[in-house]
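A short worksheet on the structure shown next.
Where a number appears in this text, it was derived from the coordinates with a stated rule and is not lab data. The shown structure was predicted, so the numbers you read here are calculated from the model rather than taken from an experiment. Don't worry about glycine lacking a Cβ; one is built from the backbone with ideal geometry, like all the others, and counts go over all protein chains shown.
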Amino acid sequence: MKLVTWNTQWCRGLDGVVDPLRIVDGARAMADFDVLCLQEIAQGFDRMPGAPGDQPAQLQALLPGFRLFFGAAVDEFDADGRRQRFGNLIATRLPVARVQHHPLPWPADGDVSSMPRMCTVVTVRDPLLGPVRVMTTHLEYYSKPQRMAQAKALRALHMEACEQAAAPPKVEEDHSPFQAKLHTPHAILCGDFNLSAAEPEYAAIQEPLGGSRLHDAWLLVHGAVPHAPTFRLFDRTYGPEPMACDFAFVSDGLAPRVHRIEVDLRTQASDHQPVLVEL
């Protein structure tokens with residue numbers, strides 16, 4: 001499995017141009033990906049810089065042979081009654097078994113700006129790895145308490161799925177919503193976490209629970225080599241130094257299968273750099 005994860009800044013490059021094709025081409029330049037996880041995808045926010053338009057529809061047209069699943073963390077209507085949606089998207093050419101959209105905690109923090117956050121989960125069937133839960137997310141930037149609550153919720157989502165895999169519900173072959181579901185402990189959690197590897201939220205995501213944990217794929221491949229920067233590499237609007245805040249975590253069973261992880265340090269198609277993970 002080859003997976004690319006990228007915070008696209010609604011497909012807006014550092015030149016100010018909104019171009020979904022440039023995002024797809026940039027991801028394809030990294031690998032012939034099986035799964036593409038994108039954060040900051042817009043639909044209906046036409047007054048944002050670059051007038052992004054209906055990006056899920058645009059991306060679907062650019063990805064023939066892929067199925068797309070858009071999880072809107074923000075789903076609202078403006079004063080004129082126009083629907084506006086903003087969130088994460090997973091595109092895959094692998095067979096899909098399940099799709100889940102999980103809102104993440106949004107505790108009150110009145111001192112800063114914030115928005116709702118969520119995690120989209122698509123369970124795919126990989127011919128070599130078997131069933132894998134692909135989870136993508138984008139955590140809060142301005143609020144540290146919210147970010148910690150969201151990090152803990154992601155860990156809890158993974159642990160709950162592992163428990164379901166170990167003790168699945170009673171099977172009901174009645175062609176109703178109670179019918180058997182595909183459960184798996186194998187997962188990839190990726191996205192823009194808006195935190196560095198030195199932050200406590202990073203450790204919270206990987207904290208073991210019930211014998212299971214998530215592992216930073218970068219460390220599995222590169223060991224003590226510092227993470228390659230994924231943010232503020234070219235644009236220093238949000239800070240003086242480049243940093244890594246886009247990660248991929250893998251479950252216990254997938255940890256030995258991580259073959260490669262790398263960052264494109266050249267593209268300026270977004271204010272973040274894309275990350276490739278190969279298992």
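What the table shows:
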item: Point-to-point label distance, Asp25-Glu262, nm (Cα→Cβ direction, 7 Å offset); result: 2.0
item: Lys, Arg +1 and Asp, Glu -1 on Cβ, resulting dipole of the chain about Cα centre, debye, nearest 20; result: 420
item: Antiparallel content of DSSP bridges confined to the range 1-158, in %, to 5; result: 85
item: Proximal charge balance of Leu94 [Cβ under 10 Å; K/R count +1, D/E count -1]; result: +1
item: Antiparallel DSSP beta bridges within the range 1-85, percent to nearest 5; result: 55
item: Estimated FRET transfer efficiency when R0 is 25 angstrom, pair Ala57-Met115 (beta carbons, to 0.05); result: 0.65
item: Beta bridges per DSSP with both ends in the chain, % antiparallel, nearest 5; result: 85
item: Using alpha carbons only: equivalent-ellipsoid semi-axes of the range 153-238, gyration tensor based, whole Å; result: 35, 15, 11
item: Local net charge near Arg232, Cβ-Cβ under 10 Å (Lys/Arg +1, Asp/Glu -1); result: -2
item: Rg followed by Dmax, in Å, when the range 1-157 is reduced to its Cα trace; result: 15.9, 49
item: For the chain, the fraction of alpha-carbon pairs in successive 10 Å shells from zero, as %; result: 7, 30, 38, 21, 5, 0
item: Low-density loop cleavage sites - chymotrypsin sites (Phe, Trp or Tyr not before Pro) in the range 83-182, where at most 14 other Cβ are within 10 Å (DSSP); result: Tyr142, Phe178
item: Magnitude of the charge dipole, the range 1-111, Cβ model with Lys/Arg +1 and Asp/Glu -1, debye to 20; result: 480
item: Net charge of Cβ neighbours under 14 Å - reference Arg155; Lys, Arg +1; Asp, Glu -1; result: -2
item: Square roots of 5 times each gyration tensor eigenvalue, C-alpha, the range 102-194, largest first, Å; result: 30, 15, 11
